[in-house]
1. So which lysines can K30 reach, going by Cα to Cα under 23 Å and dropping same-chain residues fewer than 8 places off?
2. Under a 5 Å amide H to amide H cut-off, with H placed in plane at 1.01 Å, what residues pair with I161 once short-range neighbours are removed?
3. Using alpha-carbon pairs under 8 Å, 6+ residues apart, how would you state the relative contact order of the chain in percent?
4. Using only the Cα atoms of the range 137-244, build the gyration tensor, take square roots of its eigenvalues as a ≥ b ≥ c, and label the shape rounded, prolate or oblate: rounded if a/c is under 1.5, else prolate if a/b is larger than b/c, else oblate.
5. Compute the accessible area per residue over the range 137-244, keeping the other protein chains in place, probe 1.4 Å, unit Å².
6. Along the range 136-149, what does the Karplus equation 6.51 cos²θ - 1.76 cosθ + 1.60 (θ = phi - 60°) give for ³J(HN,Hα), rounded to whole Hz, x for Gly and Pro?
7. Show the residues, 5+ positions off or on another chain, whose built amide H is closer than 5 Å to the amide H of V120.
8. I'd like the carbon and sulfur percentage of the solvent accessible area for the range 77-164, probe radius 1.4 Å, heavy atoms only, ligands and nucleic acids excluded.
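The values are calculated or read from the model by the stated rules, or taken from the named source; none is laboratory data. It should be emphasised that the depicted structure is a prediction, and the values quoted were computed from it without experimental measurement. A quick note on method: Cβ atoms are made from the backbone with ideal geometry, for glycine too, and the neighbour counts reach across all protein chains shown. The area values use the complete protein model at the heavy-atom level, side chains included, leaving out ligands, DNA and RNA. Shrake-Rupley method; radii C 1.70, N 1.55, O 1.52, S 1.80 Å.
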Amino acid sequence: MTDAELAARIAAAAGRILIEIRESGLLEGKALGSAGDEVSNRFLLHALRAQRPDDGVLSEESRDTLLRREKSRVWIVDPVDGTREYGEERDDWAVHVGLAIDGEAKVGAVALPGLNGGVVLRSDRTAALPEPAATPRLVVSRTRPAKEALAVADAIGGELIAMGSAGAKAMAVVRGQAEIYLHSGGQYQWDNCAPVAVAAAHGLHCSRIDGSPLIYNEPDTELPDLLICRPEYAERVLEEVRRIG
């Protein structure tokens, strides 16, 4: 089984487990979110240890140790990206399974289990990007849209689309539902490793908002900002961010 096949299979399986937990009707709100995080994390870690015992792992829901720094291959996972949306029974949440090799997001799968039938986007199965909208659309946080994203939208005449998890927003660009995802103000490696691997494989621009590369398996798990966008928008967006700064 290839790394990409493994990532997709376990992301999809975790998604199915999460849907079953939610549909049981036994939990709701924060209790549902906590249970989902715990169960999904346990499954993902067991699967990775069984299938790739020599690789490192970094998960949002497990205590980090710097032993992963000794590995060139590190799986970076978010068992439920968008715990709040999952607990609210929305569909804009995700499961992230990414593999960083020598600090680069090389392989990834992002499951969107809340969508009809469940959807998994992966780095080894790509399609041409859909045609862009005439008015550029920017996906932003439901609760705290980045000031840079608001300013860029104003500068380029863009339309804002509020959405939940980072994975859902990144995959909206891959799926042609938006042209730009610009985030600042706080993320971690597990929030964007798998989405970046998938987005880059589909030909999208992926970087920090200053244009520098996204580097994974760093000692500090924080990776606070990113830009995922159609390549034709990258230079303009980066220029506007520099102007704002």
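1. The qualifying lysines are K169.
2. L138, V139, V140
3. Working: 539 pairs, mean separation 46.2, N = 245.
Answer for the chain is 19 percent.
4. Details: a/c = 1.36, a/b = 1.28, b/c = 1.06.
The shape class here is rounded.
5. Details: 4060 Å² over 108 residues.
Spelled out: the 1.4 Å probe surface of the range 137-244, per residue, equals 38 Å².
6. Karplus values, whole Hz, x for Gly and Pro: x, 10, 10, 8, 9, 4, 5, 10, 8, x, 5, 4, 5, 5.
7. The list, which skips near neighbours in sequence, is L112.
8. Numbers: 1720 of 3900 Å².
Carbon with sulfur: 44 percent of the solvent-accessible area.
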